[in-house]
Amino acid sequence: YFTFVAILAVDFPSLYPRKYVKTEITGYGLMDIGAASYIICGGLTSSYARHKPKSSIPWKKMAPLYLMGTIRLVVNKGVEYQEHVSEYGLHWNFLFTLPTIILLAACLEKYPRFVSIFIMALYQYMLSFGGLDDYIVNGARHCNTNVTFNSICTIFAANREGILGCIGYLSLYCISEDIGRYFLWTINTDSHKKDDKKVALRHSRVHLIPPLSVLLWVMHYASSYYIPASRRCTNLTFILWSLAQNITILSSLYLAALSTSRSAIKTSLPIFNA
């Protein structure tokens, strides 16, 4: 809800303070949480999170998003609507990021789950020690004419924030899937005794959401001591901050339901069975 309000209000500086807009390089802003929240919600409710059988790459879900992203690009360029190039680049937008994350996550399904964490660790290493952070923030929007495949290089350079940002968002999506799978969603099984115990175990994990939110905040503050949060780079601190924010909201909903229903521990909450 706040995301929708912020997107509409940001065009009116007299009504919407500039301190709440998206950050340019590092720091935190109210609008920084929007895109990450969409990614997290998608992960928490994905087929993998809900214990559904693995499916092929969902082209039918991705095609409309790519189409809408293309229409948005054409319209914005056609009417010369004001754009913040530092957000996603010259041509990229979030409607390209969403299906790209779905595609990459589907490709990673056949690999062990820790692969996404390894990718995030490698990406953060390149940001911190490989000069990638400086390239994203200060790099040129075009390549030299003597570079092989100059057109491809220029397109990448012009949209480096959006393209490279998919790496951080991919890790965020996969981690959200694991949280949804092991903490929120139950397994639909037959009513045999062993299966009942298995379901009860799944239900009991819901109460671990509040401690998980505390752990995420601790990890975030520890990370922010060494790595300033950057939405533009989707670095580790930003990923942990986004997760902590969203899981804290789920924790608040859980605790609110727990205060009104003494059976909340034994039976899963409506929000987790939507």
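Every read-out reported here was derived from the displayed coordinates using simple, explicitly stated rules and does not represent laboratory data. The model shown is predicted, which means the values in this text are computed figures rather than measured ones. With ideal geometry, Cβ positions are generated from the backbone for all residues, glycine too; neighbour counts draw on all protein chains shown.
A simple spin-label model places pseudo-atoms 7 Å from Cα toward Cβ; at T45 and M126 they are separated by 3.2 nm. Placing a pseudo-label 7 Å from each Cα along the Cα-to-Cβ vector at Y135 and A257 gives an inter-label distance of 4.4 nm. Restricting the trypsin sites (Lys or Arg not before Pro) of the range 74-145 to loop positions (DSSP other than H, G, I, E, B) with no more than 12 neighbouring Cβ atoms within 10 Å leaves K110, R141. With Rh defined as the Kirkwood radius, the inverse of the mean 1/r over Cα pairs, the Rg/Rh of the range 103-185 is 1.09. I25 to N76: FRET efficiency via 1/(1 + (r/R0)^6), r the Cβ-Cβ distance, R0 30 Å, to the nearest 0.05? Working from the Cβ atoms, E equals 0.80. Note on the range 49-193: Kirkwood radius taken over Cα pairs, Stokes-Einstein applied at 37 °C and 0.692 mPa s, translational D equal to 187 µm² s⁻¹.
Taking each residue as 0.36 nm, the span from V218 to N150 lengthens on full extension beyond its C-alpha to C-alpha distance by 20.1 nm.
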